[in-house]
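*Asks:* Here it is: the structure, laid out below.
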């Protein structure tokens with residue numbers, strides 16, 4: 001039944017494409033598309049976003065040559081639902097993929113499926129088992145490589161991914177291609193090669209903090225390492241960022257060396273950030289929707305376009321309509337994503353968290369924390385920031401900006417009434433059972 005429905009949808013989309021364009025895109029317009037998406041990469045731990053330490057020289061260099069989005073946000077700081085938004089152009093309230101370990105609904109046309117219809121060779125190399133075939137994230141990809149099936153440990157998977165990507169780029173391609181690459185190094189456990197771990201001030205003793213909320217696997221790892229200093233853990237996170245930065249540099253070098261930069265759009269981004277203790281939540285993501293977890297890096301190099309910086313807030317789900325616009329394709333259904341080439345200044349971004357939610361409009365960022373977590377973290381439930389002037393969100397302006405905050409809160413409630421809170425409803429479940437390697441990967445990352 002699904003295959004029949006998809007066939008009909010393919011015919012409809014193809015007709016829309018032909019009717020809207022009347023012909024194939026002009027020569028040189030059918031770009032290759034490469035998305036380098038790093039799991040759990042905080043924007044503000046990159047030099048190009050103001051980080052004072054030299055953690056990301058290759059990404060920083062790439063940013064200077066790109067359309068650079070200073071204020072980009074995920075739709076939800078959890079992998080499955082966030083990448084589902086990137087691949088469909090839809091908000092989680094529409095695609096309804098669970099935050100983690102949730103299937104990508106087959107009724108939506110992924111970016112890979114749409115590009116396949118229009119003559120692209122599609123490939124992906126992913127390293128988070130939440131994105132496995134089991135959870136249907138391979139929809140539309142002719143080649144789908146799951147790194148955890150080829151590497152025994154997390155550190156081994158990164159060079160494997162780079163090697164597989166370099167082989168793909170160096171191969172002869174008869175068609176334009178779409179390549180999605182998912183590195184996972186900044187996700188816990190932080191286990192970069194020792195030479196990438198920098199020196200950091202030791203900071204606070206995490207054992208002495210109250211509250212100090214962190215995932216159980218992370219706490220056990222710190223106990224095994226015998227070091228509960230805040231700086232030690234953050235140094236390992238930064239080392240993971242530096243390691244993946246070096247690997248991305250190898251990919252970018254290959255794109256240039258092979259002459260692919262003349263006709264290849266390259267996008268560097270992340271699914272979400274990471275809370276590193278700013279509000280007593282350590283080395284985790286998902287519950288909170290402050291900039292630490294919700295703000296992401298996003299930069300895009302387009303052949304023939306001059307680099308520039310865009311300050312207007314944008315979303316990860318905007319990648320889908322942007323690629324369609326570049327290739328002169330029509331969307332197959334109404335999207336919540338908006339082309340990054342024409343960002344909307346007065347747009348509201350609704351960000352879901354597992355224990356909070358947020359609304360971004362311009363320079364305003366309103367965060368509402370659920371009562372239970374608010375109490376556990378010893379935080380007030382309502383937060384309001386001018387994150388343009390206060391990007392690390394250290395000054396809560398809610399008491400003086402309560403009226404503006406209430407406007408954003410009302411808009412969010414209206415959004416929920418229109419679409420429902422999918423986090424409180426029954427989500428679709430995958431069929432069958434996880435493989436042992438999928439279980440091992442998810443256990444390593446702290447999901448099982």
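The values are calculated or read from the model by the stated rules, or taken from the named source; none is laboratory data. The shown structure was predicted, so the numbers you read here are calculated from the model rather than taken from an experiment. In this analysis, Cβ positions are derived from the backbone assuming ideal geometry, glycine residues included, and neighbour counts consider all displayed protein chains.
*Asks:* Tell me whether the range 103-112 contains one or more residues that are without any contact (Cβ under 8 Å) to a residue 60 or more places away in the chain, touching a helix residue (DSSP H, G or I) at 6+ places or on another chain (Cβ under 8 Å) and surrounded by 17 or more Cβ atoms within 10 Å (Cβ to Cβ).
*Replies:* Scanning the range 103-112, I find at least one residue that is without any contact (Cβ under 8 Å) to a residue 60 or more places away in the chain, touching a helix residue (DSSP H, G or I) at 6+ places or on another chain (Cβ under 8 Å) and surrounded by 17 or more Cβ atoms within 10 Å (Cβ to Cβ), so the answer is yes.
*Asks:* So residue 418 fits all but one of (1) exposed (fewer than 15 other Cβ atoms within 10 Å of the Cβ); (2) more than 24 Å from the chain's Cα centre (by Cα); (3) at pLDDT 95 or above; what number is the exception?
*Replies:* (3)
*Asks:* Would you confirm whether any residue within the range 85-92 is over 23 Å from residue 326 (Cβ atoms) and modelled with pLDDT of 95 or more? Before you say what the answer is, go through the steps one by one.
*Replies:* Keep residues of the range 85-92 that are over 23 Å from residue 326 (Cβ atoms), which gives 92.
Then keep just the ones that are modelled with pLDDT of 95 or more; that gives 92.
Checked the range 85-92: at least one residue is over 23 Å from residue 326 (Cβ atoms) and modelled with pLDDT of 95 or more.
*Asks:* Take the conditions in contact with a strand residue (DSSP E or B) (Cβ under 6 Å, 6 or more places away or on another chain), part of a helix (DSSP H, G or I) and under 20 Å from residue 285 (Cβ atoms) and apply them to residue 241. Does it pass?
*Replies:* So residue 241 does not fit the description; no.
*Asks:* Now a separate question. Can you tell which of 269, 309, 289 is surrounded by fewer than 14 Cβ atoms within 10 Å (Cβ to Cβ), in contact (Cβ under 8 Å) with a residue 12 or more places away in the chain and touching a strand residue (DSSP E or B) at 6+ places or on another chain (Cβ under 8 Å)? Walk me through it before giving the result.
*Replies:* Working: 269 fails: surrounded by fewer than 14 Cβ atoms within 10 Å (Cβ to Cβ); 289 fails: surrounded by fewer than 14 Cβ atoms within 10 Å (Cβ to Cβ).
It is 309.
*Asks:* Something else now. Within the range 48-74, take every residue that is under 16 Å from the mean Cα position of the chain (by Cα) and buried (at least 24 other Cβ atoms within 10 Å of the Cβ) and give me the one that is farthest from residue 181 (Cα to Cα).
*Replies:* The residue in question is 71.
*Asks:* Only residues that are crowded, with 22+ Cβ neighbours inside 10 Å, in contact (Cβ under 8 Å) with a residue 60 or more places away in the chain and assigned to a loop (DSSP other than H, G, I, E, B): list them for the range 121-163, please.
*Replies:* Listed by number, the residues that qualify are 127, 128, 132.
*Asks:* Can you pull out every residue in the range 75-102 that is buried (at least 24 other Cβ atoms within 10 Å of the Cβ), under 17 Å from residue 420 (Cβ atoms) and under 14 Å from the mean Cα position of the chain (by Cα)?
*Replies:* 75, 76, 81, 84, 85, 91, 92 - these are the residues of the range 75-102 that are buried (at least 24 other Cβ atoms within 10 Å of the Cβ), under 17 Å from residue 420 (Cβ atoms) and under 14 Å from the mean Cα position of the chain (by Cα).
*Asks:* Enumerate the strands (runs of 3 or more DSSP E) found wholly within the range 316-434, keeping only those where 1 or more residues are in contact with a helix residue (DSSP H, G or I) (Cβ under 9 Å, 6 or more places away or on another chain) and farther than 21 Å from residue 269 by Cα.
*Replies:* Values: elements: 348-352, 356-361, 364-369, 382-386.
Here the list reads 356-361, 364-369, 382-386.
*Asks:* Can you name the residue in the range 177-213 that is part of a loop (DSSP other than H, G, I, E, B) and over 27 Å from the mean Cα position of the chain (by Cα) and, of all such residues, is nearest to residue 246 (Cα to Cα)?
*Replies:* Top of the filtered list is 199.
*Asks:* Residue 282 versus (1) touching a residue at least 60 places away in the same chain (Cβ under 8 Å); (2) crowded, with 22+ Cβ neighbours inside 10 Å; (3) within 19 Å of residue 217 (Cβ to Cβ); (4) under 16 Å from the mean Cα position of the chain (by Cα): which is the lone unmet condition?
*Replies:* (4)
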